[in-house]
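Have a look at the structure below before the remarks.
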Amino acid sequence: MLKGTQRETAAEFLGTFILVVFGVGVVAQVVLSGNQNGNYLSINLGWGLAVTMAIYVAGGVSGAHLNPAVTLALAVHRRFPWKKVVPFVLAQFAGAFVASAAVYLTYREALGQFDHGVRQVTGPLATAGIWATYPQAFLSTFPGGFIDQVMGTALLVLLIFALSDRRNHSPEDKMAPLLVGAAVALIGMTFGYNSGYAINPARDFGPRLFTALAGWGSQVFSANQNWWWVPIVGPCLGGILGGWTYDLLIAKHHPAPAVAD
């Protein structure tokens, strides 16, 4: 029987698997069907619901961080034990990688029908973007893309801190996963155009590494002026910034708890 940190990391692995298998799955369905089975709205809703289901799977065991940026923000601002940061992050990356393989195996024949077996990172038959995020042609890696990822993740962590703040208008435990999922869908609907709103290093790097090994090659790292590092570094800084902003303007100004007579 798994106990302690091992039990929690197992939950992070499975929760991140659920997040990515449904999130990447909805993108695969839309792209490989030529937008006949979904559109950008369904992608946003799919990712939001994927987050919701992942939190229901893992939340009661590990807190369902599911995102290295969230884990880091909790360590910086909420006294999450630093000794657990690396095990949680590794579990998140592993869950995302395995989920990517699951989507690939499920859609392998549809993928072959779409690109005729030629795995492409760019161009009209590109499919690498099903798994990882790639920026629009107009977007600079720095500062444009970097700001994009910092902003999106800052908003995500700010909303997570608000929804989990027992001294604010936080929801009941059973409703919180749905609202965090709604927050992710909202970010996608409003800040997804530039680069696909990765806002999660594990969600982006795990699938990117899988594609590098599964036929797309090293171009998944060199494409778009070596874009790959932006969805890793930007979200980590953004998560810290979002948590700091919430605490600065809200959490630090809660009245002191009433003392019982």
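Brief remarks on what is shown
- Any hit, region 178-186, residues being out of contact with any helix residue (DSSP H, G or I) (no Cβ under 7 Å at 6 or more places or on another chain), at pLDDT below 95 and either open to solvent by 10 Å² or more (accessible area, probe 1.4 Å) or not basic (K, R) (or both): no
- Scan of region 76-111 for residues that are closer than 17 Å to N35 by Cα and open to solvent by 20 Å² or more (accessible area, probe 1.4 Å), ordered by number: Y107, A110
- The single condition among (1) modelled with pLDDT of 95 or more; (2) over 17 Å from the mean Cα position of the chain (by Cα) that G95 does not meet is (2).
- Taking the criterion of being in contact with an Asp or Glu (Cβ under 9 Å, 6 or more places away or on another chain) and either open to solvent by 10 Å² or more (accessible area, probe 1.4 Å) or aliphatic (A, V, I, L, M) (or both), the residues of region 50-75 that qualify are A58, G59, G60, V61, S62, G63, A64, H65, L66.
- Restricting attention to region 19-46, the residues that are in a helix (DSSP H, G or I) and either without any contact (Cβ under 8 Å) to a residue 12 or more places away in the chain or farther than 17 Å from L66 by Cβ (or both) total 12.
- The residue that is farthest from A154 (Cα to Cα), among those in region 227-243 that are touching a helix residue (DSSP H, G or I) at 6+ places or on another chain (Cβ under 7 Å) and open to solvent by 10 Å² or more (accessible area, probe 1.4 Å), is W228.
- Residue in region 136-145 that is most open to solvent (accessible area, probe 1.4 Å), counting only those that are assigned to a helix (DSSP H, G or I) and either within 21 Å of T122 (Cβ to Cβ) or among the charged types (D, E, K, R) (or both): F142
- Qualifying residue in region 234-243 (condition: in a loop (DSSP other than H, G, I, E, B), of a type outside the set (D, E, K, R) and either under 19 Å from M53 (Cα atoms) or out of contact with any Phe, Trp or Tyr (no Cβ under 7 Å at 6 or more places or on another chain) (or both)): no
- Within region 170-182, residues that are without any contact (Cβ under 8 Å) to a residue 40 or more places away in the chain and over 10 Å from M53 (Cα atoms) have Cβ atoms under 9 Å from residues that are among the β-branched types (V, I, T) and open to solvent by less than 50 Å² (accessible area, probe 1.4 Å) in these pairs: L179/T52, counting only partners at least 6 apart in sequence or on another chain.
- Criterion applied to R119, R108 was being assigned to a helix (DSSP H, G or I), more than 15 Å from the chain's Cα centre (by Cα), modelled with pLDDT of 95 or more and closer than 27 Å to V30 by Cα, and the one residue passing it is R108.
- Meets criteria (within 16 Å of C236 (Cβ to Cβ), part of a loop (DSSP other than H, G, I, E, B) and of a type outside the set (S, T, N, Q)) for F80: yes
- Filter pass, T16 being open to solvent by 20 Å² or more (accessible area, probe 1.4 Å), in a helix (DSSP H, G or I) and touching a Lys or Arg at 6+ places or on another chain (Cβ under 9 Å): no
The values are calculated or read from the model by the stated rules, or taken from the named source; none is laboratory data. All of these numbers come straight from a predicted model, not from anything done at the bench. Methodologically, a virtual Cβ is constructed for each residue, glycine included, from the backbone with ideal geometry; neighbour enumeration extends over all protein chains shown. Calculation scope for accessible area: heavy atoms of the full protein, side chains included, ligands and nucleic acids excluded. Shrake-Rupley method; radii C 1.70, N 1.55, O 1.52, S 1.80 Å.
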